[in-house]
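> I'd like to ask some things about the structure below.
The values are calculated or read from the model by the stated rules, or taken from the named source; none is laboratory data. Just so it is clear, the model here is predicted, and its values are computed rather than measured. Glycine gets a Cβ as well: all are built from the backbone with ideal geometry, and neighbour counts include every protein chain shown.
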Amino acid sequence: MQKKLKKTYKFALKTTAFISLFIAVLITVFLYVFYNVQFLQIAVLTIFCFAFSFVLIQYRVEKFIYNRVKKIYDDLKLLEDSTISKDSITTDMATLTKEIDKYTKDRKLEIETLRIREEYRKEFLGNISHELKTPLFTVQGYILTLMDGAVKDKNVRDKYLRNASKGVERLIYIVKDLDMITKLEVGDLRLKIEIFDIVALIESVFELFEMKAAKKSISLTFDIDYKEPILVRADKERMQQVLTNLVVNSIKYGRQQGTTEVSIENLTKKKVIVRVTDNGEGIEKQHISRLFERFYRVDKSGSRKEGGSGLGLAIVKHILEAHNEKMYIDSEFEVGSEFSFTLEKA
């Protein structure tokens, strides 16, 4: 950029040289003919003329460039005022180029962010349309079959109505989960903070999914026998949702005759950490950063057969964030996974 700056001096020097030479020759001829002036006087006059011309031309060139640069600054400020320096404008091309490069990088970053968001939006819409489409078409199929005459057969009618009801329940389940996430994000869902025994809550979750785990011969256990209650301060109902989603996931992706183990440890004087560990399929590293996205599934086909809304981990994330607690994931593919989160001690 400095070479571009020096071009103004080259331009001024060459122009000044031509003007000075022309004036010097003109004055020399004039003065020699009419006033018999000595060469030394003419040389001094020429140098003075050269210096004056150089300053004048250089000033005019600088002014010319300044006006052009100022226009560029003004145009950029109209686009984004915060990215352009508020210092005085100079003709230093290096400074201008630096400002424009910064502006360009910021815009590229913004465009890249918008592109990623657009891809996420398209993927999200595709996922939600798939999640809603499956139960909708199922319900529609059963109802159309009944309307075509199957309603007259009592056995078929009852069976199809039960299946249609299951499809409607799945739709309601998805809509409720979406509504909860939306409320958590905008802060409309108020937490009912209370003191409760986290051990007892985990035991109740185990009881709820004991039969589901038994179908895959998965044992639900604690790492040790917790004889004393461990009191924590949180929204009990929401914490049950967190534990439910984590335990259900561990069963869903667990191995036959596997285990789902829960442990509770003291993390600090004011915090405990709850760990849900399994020896299931595990998660590949490229999927871990996206696990908490809505409807994101590691196994695009198999996991759908297992049911669920695809919103479980997203709900877990938002509930824990609402409690100002942290979530951790440690997983090794084909070895197992551990999901852990912190809670405030009572």
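> How many residues are in a helix (DSSP H, G or I) and without any contact (Cβ under 8 Å) to a residue 24 or more places away in the chain if we restrict to the stretch 135-165? Spell out how you get there, then give the answer.
First, the residues of the stretch 135-165 that are in a helix (DSSP H, G or I): 135-147, 150-152, 154-165.
Then keep just the ones that are without any contact (Cβ under 8 Å) to a residue 24 or more places away in the chain; that gives 137, 140-141, 143-147, 150-152, 154-162, 165.
Counting residues in the stretch 135-165 that are in a helix (DSSP H, G or I) and without any contact (Cβ under 8 Å) to a residue 24 or more places away in the chain gives 21.
> Could you check K271 against (1) modelled with pLDDT of 90 or more; (2) surrounded by fewer than 22 Cβ atoms within 10 Å (Cβ to Cβ); (3) out of contact with any Leu (no Cβ under 9 Å at 6 or more places or on another chain) and say which number it fails?
Unmet condition: (3).
> Further, regarding this structure: From the list K176, K212, which one is assigned by TED's automatic domain parsing to the domain that holds G312 and either more than 30 Å from the chain's Cα centre (by Cα) or surrounded by fewer than 15 Cβ atoms within 10 Å (Cβ to Cβ) (or both)? It would help to see each step written out before you state the result.
Values: K176 fails: assigned by TED's automatic domain parsing to the domain that holds G312.
On inspection, the qualifying residue turns out to be K212.
> Could you check S204 against (1) surrounded by fewer than 18 Cβ atoms within 10 Å (Cβ to Cβ); (2) of a type outside the set (K, R); (3) in contact with a helix residue (DSSP H, G or I) (Cβ under 6 Å, 6 or more places away or on another chain) and say which number it fails?
Among (1) surrounded by fewer than 18 Cβ atoms within 10 Å (Cβ to Cβ); (2) of a type outside the set (K, R); (3) in contact with a helix residue (DSSP H, G or I) (Cβ under 6 Å, 6 or more places away or on another chain), S204 violates only (3).
> Now for a separate question. From T244, T221, which residue is in contact with an Asp or Glu (Cβ under 8 Å, 6 or more places away or on another chain), in contact (Cβ under 8 Å) with a residue 24 or more places away in the chain and in the same structural domain as N266 (by TED's automatic domain parsing)? Spell out the reasoning first.
Working: T244 fails: in contact with an Asp or Glu (Cβ under 8 Å, 6 or more places away or on another chain).
None of the others qualify; the one that does is T221.
> Got a sec? Which of E207, E228, E261, E203 is assigned by TED's automatic domain parsing to the domain that holds F292, touching a residue at least 40 places away in the same chain (Cβ under 8 Å) and farther than 16 Å from L343 by Cα? Spell out how you get there, then give the answer.
Values: E207 fails: touching a residue at least 40 places away in the same chain (Cβ under 8 Å); E228 fails: touching a residue at least 40 places away in the same chain (Cβ under 8 Å); E203 fails: touching a residue at least 40 places away in the same chain (Cβ under 8 Å).
Every option except E261 fails the conditions.
> Mind listing whichever residues of the stretch 323-346 are touching a Phe, Trp or Tyr at 6+ places or on another chain (Cβ under 7 Å), aliphatic (A, V, I, L, M) and buried (at least 18 other Cβ atoms within 10 Å of the Cβ)?
Residue satisfying the conditions is M327 alone.
> Right, next: Suppose we filter E237, E293, E321, E261 for residues that are assigned to a strand (DSSP E or B) and either modelled with pLDDT under 90 or among the acidic types (D, E) (or both); which single one remains?
Values: E237 fails: assigned to a strand (DSSP E or B); E293 fails: assigned to a strand (DSSP E or B); E321 fails: assigned to a strand (DSSP E or B).
After ruling out the rest, the residue left standing is E261.
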